[in-house]
Amino acid sequence: MRPFQYARAATVDTAITLAREHQGSAFLAGGTTEVDLVRQDVLRPDLLVDINDLPLREVEDLPDGGLRIGALARMSDVAQAPGVRQRFPVISQALLLGASAQLRNMASMGGNLCQRVRCSYFRDVSWPCNKRDPGSGCAALTGFNRGHAILGTSGACIATHPSDVAVALTALDAVVHTRGPAGQRSIGIGDFFLLPGDTPEREHPLEHGELITAIGVPAAPIARRSVYLKFRDRESYEFALVSVAAAVRIQDGTVADVRLALGGVGTKPWRARRAERSLAGQPAETTSYAAAAAAELAQAEPRPLNAFKVELAQRAIVRALATLSNGDGIPAAGGAG
Ligand SMILES: Cc1cc2nc3c(=O)[nH]c(=O)nc-3n(C[C@H](O)[C@H](O)[C@H](O)COP(=O)(O)OP(=O)(O)OC[C@H]3O[C@@H](n4cnc5c(N)ncnc54)[C@H](O)[C@@H]3O)c2cc1C
Ligand code: SF4
């Protein structure tokens, strides 16, 4: 491991100033993924700015029914917060199905959104990787890409976005609040995650030294009846092959409103807008759900090793919507990762 400096910031302003003064700096929150990547020589910061003393840990229920989640709130605290469990079960379930209990106690919400991809070629410096080393090539294109993306890919990168809770937040139109050298801003989650295009090294629009301070979730009565389903190679401690965040409002047997987002299949948390449009006003039944799922996955660009994800994603969408419309079998927000 290369030597680097360490500084612990007492205020948000200090953290931003310290980061801005060192071009090679990075923020350190729970450290559950940043430290691994530094150890593996994938990331080479010259300064780690520890932000754990900043007052950004609160999970607040807002008077209008929304949520404000501090960037340093731990995954486990957010998952167990009564307002999250009752009004946004999809967020709680997505968190509890991620990582392990120990990791969730350490890992922060801001760090979760900024975690890097799990592509094994990205994490092994002996392979070419455009994301780690722009212009070097992408070993996954012709390599072992069973877990890779089928939506939003480019000729430069096909890595999936790894976060579970980002999928739930995408379905709920969350907003990422930041503070940086240029002041404060609020970024809609759909604009926060960038498609790889020709610049896969750029995963979000944060400027150097810009800190996530909070995540806002707008009031969404539809989210009271919501679910996160995750399909993976083993039932615990594993990233998604396919996941679905869904919320639906059914009126007189038809779909009055629906939110759908997919994980494990996109280079960014994938809002399934085509499926949502297809479902509007349709009978709340399996044939409509299957047609909507097919409409979404029609744009998939699979490779031989990950082609199974196309059908798996369609089945997962149908299962999630059927779970909600049948009104039974909704997983309790309390499972293990
Ligand atoms: C074995 C294992 C299994 C896992 N399984 C899952 C899973 O199934 N699902 C899932 O979603 N996740 C999973 N994770 C990822 C885990 O959720 C992340 O490691 C964690 O959320 C990162 O949070 P952290 O606070 O530890 O971030 P750090 O490791 O401290 O930081 C991560 C990145 O975020 C940046 N950062 C941190 N906070 C901020 C901020 N406020 N503003 C700007 N940048 C910031 C850091 O600079 C760094 O680049 C797994 C991780 C491990 C190690
Ligand atoms: S898929 Fe992306 S992260 Fe993986 S090797 Fe290719 S460029 Fe790197």
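What are the ³J(HN,Hα) values, in whole Hz, obtained from phi via the Karplus relation 6.51 cos²θ - 1.76 cosθ + 1.60 with θ = phi - 60°, for each residue of segment 224-229 in sequence order, with x given for Gly and Pro?
4, 10, 9, 8, 10, 10
What angle do you read, to the nearest 10 degrees and between 0 and 90, between the alpha-carbon axis of helix 308-326 and the longest principal axis of the chain?
That helix lies at roughly 60 degrees to the long axis.
Quick check: residue separation of ARG273 and ALA101 times 0.36 nm, minus the Cα distance between them. What number comes out in nm?
Contour length minus Cα-Cα distance gives 58.7 nm.
Quick check on the exposure proxy: order LEU28, LEU62 from fewest to most C-beta atoms within 10 angstrom.
LEU62, LEU28
Using Cα atoms only, what is the angle between the long axis of helix 12-21 and the major principal axis of the chain, expressed in degrees (0 to 90) to the nearest 10?
Relative to the chain, helix 12-21 is tipped by roughly 60 degrees.
About its Cα centre, what dipole magnitude does segment 1-72 give when the only charges are +1 on Lys and Arg Cβ and -1 on Asp and Glu Cβ, stated in debye to the nearest 20? Display every interim value, and only then the final one.
Working: 7 positive and 12 negative charges, 66 e Å.
That gives a dipole near 320 debye.
Anyone know which of VAL42, VAL176, VAL227 comes out most mobile in the 10 Å Cα GNM of the chain?
Judging by the Gaussian network model, the answer is VAL42.
Of the candidates VAL35, VAL78, VAL165, which one comes out as most mobile in a Gaussian network treatment of the chain with C-alpha springs shorter than 10 Å?
Looking only at VAL35, VAL78, VAL165, the largest GNM fluctuation is found for VAL35.
In whole Hz and in residue order, list the ³J(HN,Hα) couplings for segment 296-305 that follow from phi through the Karplus curve 6.51 cos²θ - 1.76 cosθ + 1.60, θ = phi - 60°; x for Gly and Pro.
Here the 3J(HN,Hα) series is 5, 7, 4, 8, 5, 10, x, 10, x, 6 Hz.
Which FRET efficiency, nearest 0.05, do ARG249 and SER126 yield, Cβ-Cβ r, R0 45 Å?
0.35
Would you please classify the overall shape of segment 102-152 from the alpha carbon gyration tensor, given that a ≥ b ≥ c denote the square roots of the eigenvalues, rounded means a/c under 1.5, and beyond that prolate means a/b larger than b/c while oblate covers the rest? If you can, show how the numbers build up before the last one.
Working: a/c = 2.26, a/b = 1.88, b/c = 1.20.
Prolate, because a/c is 1.5 or more and a/b exceeds b/c.
Where in segment 208-227 is the amide nitrogen less than 16 Å from a point lying 7 Å along the Cα-to-Cβ axis of ALA256?
Residues 220-226 qualify, since their backbone N sits under 16 Å from the label point.
Can you compute the equivalent ellipsoid semi-axes for the chain, i.e. the square root of 5 times each eigenvalue of the Cα gyration tensor, sorted largest first and rounded to whole Å?
Ellipsoid semi-axes (Å, largest first): 32, 25, 16.
Just going by the charge dipole of segment 128-237, with Lys and Arg at +1 and Asp and Glu at -1 on Cβ, which of GLY155, GLY197, TYR228 is farthest out on the positive end?
Farthest towards the positive end: TYR228.
So, with +1 on the Cβ of K and R and -1 on the Cβ of D and E, and no other charges, what is the size of the charge dipole of segment 101-174 about its Cα centre, to the nearest 20 debye? If you can, show how the numbers build up before the last one.
Details: 7 positive and 4 negative charges, 35 e Å.
So the magnitude is around 160 debye.
Roughly how big is the chain's charge dipole about its Cα centre, with Cβ charges of +1 (Lys, Arg) and -1 (Asp, Glu), in debye to the nearest 20? Spell out each step's value before the answer.
On the way: 36 positive and 34 negative charges, 102 e Å.
That gives the chain a dipole magnitude of about 480 debye.
Mind listing the long-range amide H neighbours of THR254? Cut-off is under 5 Å, sequence gap 5 or more, other chains count too, H placed in the peptide plane at 1.01 Å from N.
ALA284
Checking the a/c ratio against 1.5 first, then a/b against b/c, what shape does the Cα gyration tensor give for segment 1-108?
Oblate is the answer for segment 1-108, as a/c is 1.5 or above yet b/c matches or exceeds a/b.
Take the Cβ-Cβ distance between GLU60 and ARG39 as r, set R0 to 45 Å, and report the resulting FRET efficiency rounded to the nearest 0.05.
0.80
Residue by residue through segment 81-90, which ³J(HN,Hα) values in whole Hz follow from phi under the Karplus form 6.51 cos²θ - 1.76 cosθ + 1.60 (θ = phi - 60°), with glycine and proline marked x?
4, x, x, 6, 4, 7, 9, 9, x, 4
Mind giving me the FRET efficiency for ARG185 and ALA280? R0 is 45 Å, r the Cβ-Cβ distance, nearest 0.05 is fine. Before the final figure, lay out the partial values.
Values: r = 32 Å, r/R0 = 0.71.
So, using R0 = 45 Å, E works out to roughly 0.90.
Over what distance in Å are the Cα centres of segment 287-305 and segment 1-69 separated?
Segment 287-305 and segment 1-69 have Cα centres separated by 38 Å.
Read the figures in this text as sums done on the coordinates, not as results from a lab. Quick caveat, the model's predicted, so the values are computed rather than measured. Heads up, the Cβs are rebuilt from the backbone with ideal geometry, glycines too, and the neighbour counts pull from every protein chain shown.
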